[in-house]
Amino acid sequence: MTDDVRETGLQTLAFARRVMTGLLEGIDDVDFLHRPLPRANHALWIAGHVANGDHAFLVALGGREATLPESWASLFGPGSDPSDDAAEYPSAADVLYQLSAQRDALTAWFREMDSQRLRQPLPPNWARFGATHAVLMNTIAWHEGLHAGQLSVVRKSLGLAPRFG
């Protein structure tokens with residue numbers, strides 16, 4: 001495994017993030033809790049969920065100290081249900097800041113890995129996300145792409161122009 005594998009993974013993560021941030025642009029603060037249909041995810045939950053996911057991988061697999069409040073896991077973690085109550089959430093600005101900060105930290109973590117580390121298998125309880133650290137980068141990008149599709153529907157239901165990164 002060469003540096004090309006790491007760079008491919010990092011570029012895939014960067015592409016997914018460009019799409020996500022492009023889709024978030026133009027959504028007014030008052031519309032971050034808009035749901036295009038009942039029980040759908042709103043933009044604030046989507047952004048927080050993706051940021052929380054990056055953070056979860058860093059803490060669990062990268063041995064990093066937690067930097068997000070514990071409340072983020074219940075607000076944005078797997079299995080959480082978006083709320084329509086803005087008072088339950090950090091501000092959109094805070095969530096967008098963490099979306100960027102957590103990805104920067106995640107990218108730095110992957111960039112530090114040598115080819116041997118990239119080939120290492122993930123621990124058994126994390127193996128559902130991919131066989132190795134190298135594969136994990138693509139899984140994270142795919143997950144972000146799934147939620148980017150949800151943001152596309154949010155944008156359309158708000159009457160906003162389509163965006164692709």
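Is it true that some residue in the stretch 6-24 is modelled with pLDDT of 95 or more and touching a Pro at 6+ places or on another chain (Cβ under 6 Å)? Scanning the stretch 6-24, I find no residue that is modelled with pLDDT of 95 or more and touching a Pro at 6+ places or on another chain (Cβ under 6 Å), so the answer is no. Taking first residues from the stretch 75-97 that are under 23 Å from residue 19 (Cα atoms) and partners that are of a type in the set (Asp, Glu), the Cβ contacts under 6 Å between residues at least 6 apart in sequence or on separate chains come to 92/29. Among the residues of the stretch 1-20, those that are of a type in the set (A, V, I, L, M, F, W, C), in a helix (DSSP H, G or I) and in contact with a Ser or Thr (Cβ under 8 Å, 6 or more places away or on another chain) comprise 5, 10, 13, 14. Residue 161 - would you say it is surrounded by fewer than 16 Cβ atoms within 10 Å (Cβ to Cβ) and touching a strand residue (DSSP E or B) at 6+ places or on another chain (Cβ under 9 Å)? Answer is no for this residue. Could you go through the stretch 121-134 and let me know if any residue there is aromatic (Phe, Trp, Tyr), over 13 Å from the mean Cα position of the chain (by Cα), part of a helix (DSSP H, G or I) and farther than 16 Å from residue 78 by Cβ. No - not one qualifying residue is present in the stretch 121-134. Of all residues in the stretch 30-55, those being modelled with pLDDT under 95 and within 19 Å of the chain's Cα centre (by Cα) number 0. Scanning the stretch 21-55 for residues that are hydrophobic (A, V, I, L, M, F, W, C), outside any loop (DSSP other than H, G, I, E, B) and surrounded by 21 or more Cβ atoms within 10 Å (Cβ to Cβ) yields 23, 24, 43, 44, 45, 46, 47, 50, 51. Under the condition of being assigned to a helix (DSSP H, G or I) and on the phi > 0 side of the Ramachandran plot, the residues counted in the stretch 135-165 number 0. Total residues in the stretch 101-114 satisfying the condition of being surrounded by fewer than 14 Cβ atoms within 10 Å (Cβ to Cβ) and either modelled with pLDDT of 95 or more or part of a helix (DSSP H, G or I) (or both): the figure is 4. Is it the case that the stretch 64-74 has a residue that's in a helix (DSSP H, G or I), touching a helix residue (DSSP H, G or I) at 6+ places or on another chain (Cβ under 9 Å) and among the basic types (Lys, Arg)? No: zero hits. Of the candidates 146, 118, the single residue that is under 12 Å from the mean Cα position of the chain (by Cα) and within 22 Å of residue 16 (Cα to Cα) is 146.
The values are calculated or read from the model by the stated rules, or taken from the named source; none is laboratory data. Quick caveat: nothing in here was measured; it's all calculated off a predicted structure. For neighbour counting, all protein chains shown are included, and Cβ atoms are generated from backbone atoms with ideal geometry for every residue, glycine included.
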